[in-house]
Amino acid sequence: MKLVIQRVKSAEVEVEGNLISEIGKGFLILLGVSNTDNGSEIEWLAKKAVDLRIFKDENKKMNRTLKEIDGEILLVSQFTLYADCRKGRRPSFVNAADPDKAEKYYELFATELGKNGVKPKMGIFGDYMEVSLVNDGPVTIILER
């Protein structure tokens, strides 16, 4: 599994012009599931994401967690995180999990985030989504396991 975590001031997801989810300060997490993932990585990645100390404290140092700033999470599935662009000009997605597996792990990851104290708002799995964000920093972290 691969996470791209962006620290945001706000983020939202629209599908066909309809607002689906929105958050204020927190994380936009793009989640990719690979064809070799077995689910054992979900618990570790969820805990690690929630416990990342990447929000500023009173000294402007990245020292606070999402929970400490009462932040939110917008979770969006993104199979393109496993694009292989080494050959040709069209990406190959053979390393991405099949949709059934990816959706299951997406839901399990969301549940695990909730168990760690932050219930995410979500995009719609498999739909074409328009994701907007106001990046804070910018701060972008990639977690993989």
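Laboratory data are not the source of any read-out in this text; all were calculated from the coordinates shown. Note that the structure is a prediction, hence the values are computed from the model and not measured. Using ideal geometry, Cβ is built from the backbone for each residue, glycine included, and neighbour counts are taken over all protein chains shown.
Beyond 11 Å, what share of the Cα-Cα pairs of the range 16-59 remains, rounded to the nearest whole percent?
In whole percent, the share of Cα-Cα pairs in the range 16-59 beyond 11 Å is 79.
In sequence order, what are the phi-derived ³J(HN,Hα) couplings for the range 19-34 according to the Karplus relation 6.51 cos²θ - 1.76 cosθ + 1.60 with θ = phi - 60°, rounded to whole Hz, with x for glycine and proline?
5, 9, 8, 8, 9, x, 4, x, 10, 9, 10, 9, 10, x, 10, 9
Any idea how many Lys pairs in the range 28-100 come in under 25 angstrom at the alpha carbon, given 8 or more places apart or on separate chains?
9
Spelling out what I want: for every residue of the range 41-49, take phi, set θ = phi - 60°, compute 6.51 cos²θ - 1.76 cosθ + 1.60 (Karplus), and round to whole Hz; glycine and proline get x.
7, 4, 4, 5, 5, 5, 5, 4, 4
For labels at residue 86 and residue 100 in the simple 7 Å Cα→Cβ model, what's the distance in nm?
Rounded to a tenth, the inter-label distance reads 2.9 nm.
Considering all projection directions equally, how large on average is the shadow of the alpha-carbon convex hull of the chain, in square nanometres?
Across all orientations, the chain yields a mean hull projection of 9.0 nm².
Between residue 18 and residue 139, with labels modelled 7 Å along Cα→Cβ, what's the label distance in nm to one decimal, could you check?
3.4 nm
Given Cβ point charges of +1 (Lys, Arg) and -1 (Asp, Glu) and nothing else, what value in debye, to the nearest 20, does the dipole of the chain about its Cα centre take?
680 debye
Are there GluC sites (Glu not before Pro) in the range 66-126 that DSSP marks as loop and that have at most 14 other Cβ atoms within 10 Å, and which are they?
In loop regions of the range 66-126 (DSSP not H, G, I, E or B), the sparsely surrounded GluC sites (Glu not before Pro) are 68.
How high is the FRET efficiency between residue 48 and residue 132 when r is their beta carbon distance and R₀ equals 25 Å, given to the nearest 0.05?
Rounded to the nearest 0.05, the efficiency is 0.45.
For 20, 69, 29, what ranking results if the residue with the fewest other Cβ atoms within 10 Å of its Cβ goes first?
Result, fewest neighbours first: 69, 20, 29.
If amide H atoms are built 1.01 Å from N in the plane of the peptide, which residues on other chains or at least 5 residues away come under 5 Å of the amide H of residue 8?
Amide H to amide H, under 5 Å and 5 or more residues apart or across chains, residue 8 pairs with 26, 27, 28, 136.
Could you work out the relative contact order of the chain? I mean the mean sequence separation of Cα pairs under 8 Å and 6+ apart, divided by the number of residues, in percent.
38 percent
For the chain, what is the mean residue ellipticity at 222 nm derived from helices alone (per DSSP H run of n ≥ 4: -39500 (n - 2.57); sum divided by total residues; nearest 500 deg cm²/dmol)?
-6000 deg cm²/dmol
Under the Kirkwood approximation applied to all pairs of distinct alpha-carbon atoms, what is the hydrodynamic radius of the range 54-97 in Å?
13.7 Å
Just to check I understand the Karplus step: with θ = phi - 60° and J = 6.51 cos²θ - 1.76 cosθ + 1.60, what whole-Hz values come out for the range 62-68, glycine and proline as x?
Karplus values, whole Hz, x for Gly and Pro: 6, 9, 10, 8, 4, 5, 5.
Which residues' amide hydrogens lie under 5 Å from the amide hydrogen of residue 96, considering only partners 5 or more residues apart or on another chain, with H built in the peptide plane?
Counting only residues 5 or more places away or on other chains, the set is 35.
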